[in-house]
Amino acid sequence: MATIQFDNLGHSYHPHPTKPEDYALRRLSQEWEDGKAYALLGPSGCGKSTLLNIISGLLVPSEGRVLFDGLDVTRCTPEERNIAQVFQFPVIYDTMTVYENLAFPLRNRKVPAADVDRRVRQVAEALDLTDDLKKRAQRLTPDAKQKISMGRGLVRSDVAAILFDEPLTVIDPHTKWILRRKLRQIHEEYRLTMIYVTHDQVEALTFADKVAVMYEGAMVQLGTPQELFENPEHTFVGYFIGSPGINLMPCTLGNDHALVDGIAIPLPDRAVPAVGGKFELGIRPEFLELTRSGSAGSIPVQVTGVDDLGTSKLATVRMGNHTLKARLNEEQEIPALDAAIRFPTRWTKLYRDSHLVG
Amino acid sequence: MDKVQDNRAWFLIIPVFLIVAFSAVIPLMTVVNYSVQEIFGPGQTFFVGTEWFEAVLTDERLHDALVRQIIYSLAVLAIEIPLGILIALGMPGGRSAKTSLTLVLLALPLLIPFNVVGTIWQIFGRGDIGLLGATFRAIGVDYNYTNNSLDAWLTVLVMDVWHWTSLVALLCYAGLQSIPPAFYQAAKIDGASKWAVFRYIQLPKMRGVLIIAVLLRFMDSFMIYTEPFVLTGGGPGNSTTFLSQYLTQMAVGQFDIGKAAAFSIVYFLIVLLFSFIFYTVITNSGSGEKK
């Protein structure tokens, strides 16, 4: 197990990168704690696989350093870093049995036979593969094959970290859920440092202690699922996490309020210099309050639609030229004519050039 | 839903039926027909039953040719398959000028007509003007493919290796290129040695193309005719007379049509039998449940 540090890390596939867009991974300095489960979340092409390959040692970054427990491993191979990685599509050794597949990483490292046997059985038990141990790996179903791939990562007890590169892509939804829980359990039991790459927010939020959201090569926020939800530091985080994403409106700044289409919306009590850049106001549908007009601080709106989602209702309202979404309780009544919304100051976020400023 | 009965559907298979009949069934049956007749000339044929088959199976020269043929084909496989795999493993991957150049160079021998290959080697091996023959003579090796049976046999073998190893290499290369990079990355992470990567990833993934390579090289070498015919004419003595050449001598040289037809059928069955054995062995090794 190891603490992973990124020191001014960056990577570009161009030989001479000049502008920020040339970087597949933009400058990054961070420290990831030992024994935690991390998720790298973002759409395809956002640089999450590049970062993962840099951590695993399959790719040497063009700039900066990677440190494991303070040791510079930037140029070390995956074996030297003692990393395990599970890939998107199952990688199994066709001609071997399941047992031999699981034992392979240990046997290559000359682990005594008795220890190999003990570890293999332990991991097979954890992944429900015990009955298949004697079977040829080639003849199993895709999800069993992916379990073997995971097993080969888990079988080494001394790895610095286990990396998962969208490992559940080929698995059907139900098994996906079971496997994710399995991984979570294994993580809690062994306290391994796990890094999990995915573009599925549910997967990331349910698996990880901390989620790193990536967007266009930059890591826009690293935080717990709760932090990402309550305090998105970048408009992309607001948009990508949550369903539906955050409500965003371009705005201008007044003294202690923002102006959206001439409507004043109170801001949190923080001094924001009204200089430069493009300002946007954001609030999650879950925090937008729908009331009757006339109550203090409310803004009259027109309700244009309501979707009943079974456990909650999603109201679509028009305020000025903007369409906003508000998530409401099943029981809450929706005023037909005199509807109004309120922006609770605590949950109203102000962004300058997509970055959170207040 | 009720099925519509319409026998006109049979018309649709007539083209295939005709093509197969004219290209395979009728010629083959003609050979079968010849193999049970004594033929003196057009219209002068007599039914002789299995006599030709008995003659063929007891023909000493044919036995010699068959043994020679089997040793030759096995030698071809024993050299070309491992060599082809080695070349494929050493080839550069990806899309680069180097890759294209290697592929073109490898494909070159395959593009040369068979009798030209024979002629090239005939000149190449000559002691007076050939590069190979003259070099051997210069360094004092006694080499003469027109006089010495072993030299002739080895020359025919090396010529085949020169001509056809590329095919095996290209097939294996295609097999190797289809392996996703994740397999190599996973092996690296699992700490696998180069040998283990070959044994557990590359070789199993090449199994499909290796079946094709072994079958093609076996069948082709078992039916080899043109190159030894041009190079040595089957000599010296009968040392490089393989089955095809003996068959041609019989059918065209001596005009023993009936015996040659019986020979052809036996020949065909031998090729079929060997191909079946190779196919079964390779398909079952390393795949499926053993026992």
Given the condition in a loop (DSSP other than H, G, I, E, B) and either at pLDDT 85 or above or hydroxyl-bearing (Ser, Thr, Tyr) (or both), answer yes or no: does some residue in region A:176-198 qualify? yes
(1) of a type in the set (Val, Ile, Thr); (2) in contact (Cβ under 8 Å) with a residue 40 or more places away in the chain; (3) under 27 Å from A:Thr193 (Cβ atoms) all hold for A:Thr224 apart from (2)
Restricting region A:104-156 to residues that are closer than 21 Å to A:Glu189 by Cα and among the small types (Gly, Ala, Ser), the one modelled with the lowest pLDDT turns out to be A:Ala126
Checked B:Ala174, B:Ala192, B:Ala187, B:Ala182 against criteria (within 13 Å of another protein chain (Cβ to nearest Cβ), among the small types (Gly, Ala, Ser) and surrounded by fewer than 22 Cβ atoms within 10 Å (Cβ to Cβ)); the one match is B:Ala182
One residue is enough: does region A:165-178 have a residue meeting the conditions at the interface with chain B (Cβ under 9 Å from one of its Cβ atoms) and surrounded by 22 or more Cβ atoms within 10 Å (Cβ to Cβ)?
yes
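Output the residues belonging to region A:104-116 that are surrounded by 14 or more Cβ atoms within 10 Å (Cβ to Cβ) and out of contact with any strand residue (DSSP E or B) (no Cβ under 9 Å at 6 or more places or on another chain).
Residues of region A:104-116 that are surrounded by 14 or more Cβ atoms within 10 Å (Cβ to Cβ), as a first pass: A:104-109, A:111, A:116.
Within region A:104-116, A:Phe104, A:Leu106, A:Arg107, A:Asn108, A:Arg109, A:Val111, A:Val116 meet the criteria.
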Subset of region A:205-218, residues crowded, with 24+ Cβ neighbours inside 10 Å and aliphatic (A, V, I, L, M), comes to A:Val211, A:Ala212, A:Val213, A:Met214
Reported set for region A:284-322 where residues are among the charged types (D, E, K, R) and part of a loop (DSSP other than H, G, I, E, B) is A:Arg284, A:Glu286
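For (1) more than 32 Å from the chain's Cα centre (by Cα); (2) among the acidic types (Asp, Glu); (3) outside the structural domain of B:Ile265 (by TED's automatic domain parsing), each residue gets a yes or a no:
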{"position": "B:Asn7", "(1), (2), (3)": "yes, no, yes"}
{"position": "B:Leu12", "(1), (2), (3)": "yes, no, yes"}
{"position": "B:Tyr34", "(1), (2), (3)": "no, no, no"}
{"position": "B:Gly43", "(1), (2), (3)": "yes, no, no"}
{"position": "B:Ile71", "(1), (2), (3)": "no, no, yes"}
{"position": "B:Ile79", "(1), (2), (3)": "no, no, yes"}
{"position": "B:Ser100", "(1), (2), (3)": "no, no, yes"}
message = Can you find a residue that is within 14 Å of chain B (Cβ to nearest Cβ), buried (at least 17 other Cβ atoms within 10 Å of the Cβ) and in a loop (DSSP other than H, G, I, E, B) anywhere in region A:119-137?
response = no
Per the filter on region B:136-155, residues within 30 Å of the chain's Cα centre (by Cα) and either in contact (Cβ under 8 Å) with a residue 60 or more places away in the chain or outside any loop (DSSP other than H, G, I, E, B) (or both) are B:Phe136, B:Tyr145, B:Thr146, B:Asn147, B:Asn148, B:Ser149, B:Leu150, B:Asp151, B:Ala152, B:Trp153, B:Leu154, B:Thr155
Scanning region A:224-253 residue by residue, those in contact with an Asp or Glu (Cβ under 8 Å, 6 or more places away or on another chain) and in a strand (DSSP E or B) turn out to be A:Leu248, A:Met249, A:Pro250
* Asked: Is it true that A:Arg27 is surrounded by fewer than 20 Cβ atoms within 10 Å (Cβ to Cβ) and in contact with a strand residue (DSSP E or B) (Cβ under 6 Å, 6 or more places away or on another chain)?
  -> yes
The lone condition A:Ala2 fails out of (1) assigned to a loop (DSSP other than H, G, I, E, B); (2) within 14 Å of another protein chain (Cβ to nearest Cβ) is (2)
**Any chance A:Leu25 is more than 14 Å from every other protein chain (Cβ to nearest Cβ) and in a strand (DSSP E or B)** = yes
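Scan region A:99-118 for residues that are more than 10 Å from chain B (Cβ to nearest Cβ) and under 22 Å from A:Asp165 (Cβ atoms) and jot them down. Show your work before the answer.
Here is the first cut: in region A:99-118, the ones more than 10 Å from chain B (Cβ to nearest Cβ) are A:99, A:102-103, A:111-118.
The one that is more than 10 Å from chain B (Cβ to nearest Cβ) and under 22 Å from A:Asp165 (Cβ atoms): A:Leu102.
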- Task: Looking only at region A:259-267, decide whether some residue is hydrophobic (A, V, I, L, M, F, W, C), assigned to a loop (DSSP other than H, G, I, E, B) and surrounded by fewer than 11 Cβ atoms within 10 Å (Cβ to Cβ).
- Result: no
| said: Looking at region A:42-55, can you tell me whether even one residue there is crowded, with 20+ Cβ neighbours inside 10 Å and touching a Lys or Arg at 6+ places or on another chain (Cβ under 8 Å)? | reply: yes
When restricted to A:Pro15, A:Pro20, A:Pro43, A:Pro61, the only residue free of Cβ contacts under 8 Å to residues at least 40 places away in the same chain and in the same structural domain as A:Ala144 (by TED's automatic domain parsing) is A:Pro15
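Only one of B:Phe268, B:Phe218, B:Phe263 is surrounded by fewer than 17 Cβ atoms within 10 Å (Cβ to Cβ) and at pLDDT 80 or above; which? Outline the logic, then answer.
Values: B:Phe218 fails: surrounded by fewer than 17 Cβ atoms within 10 Å (Cβ to Cβ); B:Phe263 fails: surrounded by fewer than 17 Cβ atoms within 10 Å (Cβ to Cβ).
Within the list B:Phe268, B:Phe218, B:Phe263, the selection yields B:Phe268.
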Selection from region A:51-98 of residues closer than 30 Å to B:Pro204 by Cα, more than 9 Å from every other protein chain (Cβ to nearest Cβ) and among the polar types (S, T, N, Q) yields A:Asn82, A:Thr97
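Quick test for you: out of B:Arg207, B:Arg199, pick the one residue that is surrounded by fewer than 20 Cβ atoms within 10 Å (Cβ to Cβ), within 14 Å of chain A (Cβ to nearest Cβ), touching a residue at least 60 places away in the same chain (Cβ under 8 Å) and farther than 30 Å from B:Trp121 by Cβ. It would help to see each step written out before you state the result.
Values: B:Arg199 fails: touching a residue at least 60 places away in the same chain (Cβ under 8 Å).
One residue alone meets the criteria, B:Arg207.
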Among (1) under 23 Å from B:Trp162 (Cβ atoms); (2) in contact with a strand residue (DSSP E or B) (Cβ under 9 Å, 6 or more places away or on another chain), B:Met91 falls short only on (2)
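The values are calculated or read from the model by the stated rules, or taken from the named source; none is laboratory data. Remember, it's a predicted structure, so these values are computed and weren't measured experimentally. No Cβ is skipped: glycine too gets one built from the backbone with ideal geometry, and neighbour counts run over all protein chains shown.
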